[in-house]
Amino acid sequence: PLSAGPYEFDVEQAPEADITVPEFPEGIACADAAGYEAADATYSNGLEQTACEISGSITATVEKDYDACGGTITISYSGQDECGRPLSAGPYTIDVDVAPEADITVPEFPDSIACADAAGYEA
């Protein structure tokens, strides 16, 4: 009888994943800023459908710092892959536009007023 082995060797970790982030607008209207939500980022090491595939998604962290005078929305991504290696992207900044100028609405005024009533008239 002939025999050989068993032979043992180390398997290296799969390659690290690359993060793909969604596109962000450069600016956003103040009225739309409150409802803004950033999409998840995805990551993959490109070894699809193998035991060495590393892929998934990372939820965005969104920080809103604006008021009627403008400001920013900052988006960051942070997580770990299946091997416990850190994944991060950002920060990405979206400028929040200044709110539109207010329109002034004035009350209706009479076309004329009696002289006797003029001294006590208040708008």
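Of note:
- Among the residues of region 48-71, those that are open to solvent by 40 Å² or more (accessible area, probe 1.4 Å) and β-branched (Val, Ile, Thr) comprise 50, 59, 61, 62.
- Residues in region 48-72 that are β-branched (Val, Ile, Thr) and either assigned to a strand (DSSP E or B) or within 18 Å of residue 98 (Cα to Cα) (or both): 58, 61, 62, 72.
- Any hit, region 11-30, residues being modelled with pLDDT under 95 and open to solvent by less than 50 Å² (accessible area, probe 1.4 Å): yes
- Filter result (within 15 Å of residue 16 (Cα to Cα), of a type outside the set (Ser, Thr, Tyr) and in contact with a Ser or Thr (Cβ under 8 Å, 6 or more places away or on another chain)) within region 59-81: 79
- Residue check, residue 46 in contact with a strand residue (DSSP E or B) (Cβ under 9 Å, 6 or more places away or on another chain) and either of a type in the set (D, E, K, R) or touching a residue at least 40 places away in the same chain (Cβ under 8 Å) (or both): no
- Among the residues of region 2-32, those identified as within 31 Å of the chain's Cα centre (by Cα), touching a residue at least 40 places away in the same chain (Cβ under 8 Å) and part of a loop (DSSP other than H, G, I, E, B) are 14, 16, 17, 21, 24, 25, 26, 29.
- Residues of region 85-110 classified as open to solvent by 40 Å² or more (accessible area, probe 1.4 Å) and either more than 16 Å from the chain's Cα centre (by Cα) or not hydroxyl-bearing (Ser, Thr, Tyr) (or both), total: 17
- Extreme residue, most open to solvent (accessible area, probe 1.4 Å), among residues of region 33-47 that are assigned to a strand (DSSP E or B) and farther than 16 Å from residue 13 by Cβ: 42
- Subset of region 73-84 (residues that are open to solvent by less than 40 Å² (accessible area, probe 1.4 Å), assigned to a strand (DSSP E or B) and in contact with a Leu (Cβ under 9 Å, 6 or more places away or on another chain)): 77, 79
The values are calculated or read from the model by the stated rules, or taken from the named source; none is laboratory data. Because the structure is predicted, anything quoted here is derived from the model rather than measured. Because the Cβ atoms are built from the backbone with ideal geometry, glycine has one as well, and the counts that use them run over all protein chains shown. Heavy atoms of the whole protein, side chains included, go into the accessibility calculation; ligands, DNA and RNA do not. Shrake-Rupley method; radii C 1.70, N 1.55, O 1.52, S 1.80 Å.
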